[in-house]
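The values are calculated or read from the model by the stated rules, or taken from the named source; none is laboratory data. Quick caveat, the model's predicted, so the values are computed rather than measured. Ideal geometry is used to build each Cβ from the backbone, glycine not excepted, and the neighbour counts take in all protein chains shown. Ligands, DNA and RNA are stripped out before the accessible areas are found, and what is left, the full protein with its side chains, is counted by its heavy atoms. Shrake-Rupley method; radii C 1.70, N 1.55, O 1.52, S 1.80 Å.
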Amino acid sequence: MSHANAELIQRFYRAFQKLDAETMTGCYAKDVRFSDPVFVDLQGAEAGDMWRMLCSRAEDFSLTFDSVHADDHVGSARWVASYRFSATGRQVVNHIQARFVFRDGLIVEHRDHFDLWRWARQALGGKGFLLGWAPPVQAAIRRQAARGLAQFRGTR
């Protein structure tokens, strides 16, 4: 029998497979902290709104996950998202390692790790290949994502 927190991670990713951001957000504590190489240090409702935005904009999307492990305090999983990046129309296959911290049966911290240069090469093509490793380009990717999230949150 799997640990309740492993089941929580599985519920989160099964919802993500269905682009069900409300169920995903329901797996988070109200004061959750989320971070990945693009969306850095989101807190509380920002994290849920990020998933709402990504799910609402997903094109040609599929997701697989495995290696789910959890105990009373921490957990992890690997997941792969395949989708069309709307800004360029290019197909992306992103391999992510997730780490979680739990409190009171909910996710209170979620950190995703992936290679941003690899993502940029797929999403941006030649520009991403040539410059995606550079800190100014990665900072521009983060700023664009933050603007998109702020705009999404402003329309809610």
Check: Exactly one of (1) farther than 30 Å from Pro136 by Cβ; (2) free of Cβ contacts under 8 Å to residues at least 40 places away in the same chain; (3) among the β-branched types (Val, Ile, Thr) is unmet by Val68. Its number?
Finding: (2)
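When the residues of region 41-57 are filtered to those that are of a type in the set (A, V, I, L, M, F, W, C) and part of a helix (DSSP H, G or I), which remaining residue is farthest from the chain's Cα centre (by Cα)? Quick ask: steps written out before the conclusion?
If we filter region 41-57 for residues that are of a type in the set (A, V, I, L, M, F, W, C), which is where we start, we get 42, 45, 47, 50-51, 53-55.
Next cut, part of a helix (DSSP H, G or I) only: 45, 47, 50-51, 53-55.
Working: Ala45: 14, Ala47: 9, Met50: 8, Trp51: 7, Met53: 11, Leu54: 8, Cys55: 10 Å.
Ranking the candidates gives Ala45 first.
In the list Ala47, Ala81, which residue meets the criterion of being within 15 Å of His95 (Cβ to Cβ) and touching a helix residue (DSSP H, G or I) at 6+ places or on another chain (Cβ under 9 Å)? Quick ask: steps written out before the conclusion?
Details: Ala47 fails: within 15 Å of His95 (Cβ to Cβ).
Just a single option satisfies the conditions, and that option is Ala81.
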Item checked: Condition met for Arg57 (in contact with a Gly (Cβ under 8 Å, 6 or more places away or on another chain), open to solvent by 20 Å² or more (accessible area, probe 1.4 Å) and modelled with pLDDT under 95) -> no
Notebook entry, point to check: Which pairs have Cβ atoms under 9 Å, sit 6 or more apart or on different chains, and link a residue in region 3-24 that is touching a residue at least 12 places away in the same chain (Cβ under 8 Å) to one that is open to solvent by less than 10 Å² (accessible area, probe 1.4 Å) and among the polar types (S, T, N, Q)?
Noted result: none
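Pull up region 60-74, narrow it to residues that are among the acidic types (Asp, Glu) and either modelled with pLDDT under 95 or farther than 17 Å from Val108 by Cβ (or both), then point me to the one that is least open to solvent (accessible area, probe 1.4 Å). Walk me through it before giving the result.
Quick first cut of region 60-74, residues among the acidic types (Asp, Glu) only: 60, 66, 71-72.
Add one more test, that the residue is either modelled with pLDDT under 95 or farther than 17 Å from Val108 by Cβ (or both), and what stays is 60, 66.
Details: Asp60: 90, Asp66: 68 Å².
If we take residues in region 60-74 being among the acidic types (Asp, Glu) and either modelled with pLDDT under 95 or farther than 17 Å from Val108 by Cβ (or both), then Asp66 is least open to solvent (accessible area, probe 1.4 Å).
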Next item on the list: Tell me which residues, restricted to region 119-130, are out of contact with any strand residue (DSSP E or B) (no Cβ under 8 Å at 6 or more places or on another chain) and buried (at least 16 other Cβ atoms within 10 Å of the Cβ).
Entry: Ala120, Arg121, Gly128
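For Arg52, indicate whether it is open to solvent by 70 Å² or more (accessible area, probe 1.4 Å) and among the basic types (Lys, Arg).
Judged against the criteria, Arg52 is not a match.
With out of contact with any Cys (no Cβ under 6 Å at 6 or more places or on another chain), of a type outside the set (Phe, Trp, Tyr) and in contact (Cβ under 8 Å) with a residue 60 or more places away in the chain as the only criterion, which of Arg143, Arg153, Arg118, Arg78 stands out?
On the way: Arg143 fails: in contact (Cβ under 8 Å) with a residue 60 or more places away in the chain; Arg118 fails: in contact (Cβ under 8 Å) with a residue 60 or more places away in the chain; Arg78 fails: in contact (Cβ under 8 Å) with a residue 60 or more places away in the chain.
None of the others qualify; the one that does is Arg153.
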Item checked: Of residues in region 104-142 being closer than 28 Å to Tyr13 by Cβ and charged (D, E, K, R), the one farthest from the chain's Cα centre (by Cα) -> Asp104
Margin query: From the list Arg111, Arg99, Arg153, exactly one residue is in a helix (DSSP H, G or I), open to solvent by 50 Å² or more (accessible area, probe 1.4 Å) and not acidic (Asp, Glu). Which is it?
Written below: Arg153
Next item on the list: Tell me, yes or no, whether region 58-68 has at least one residue that is among the hydrophobic types (A, V, I, L, M, F, W, C), in contact with a Leu (Cβ under 7 Å, 6 or more places away or on another chain) and not in a strand (DSSP E or B).
Entry: yes
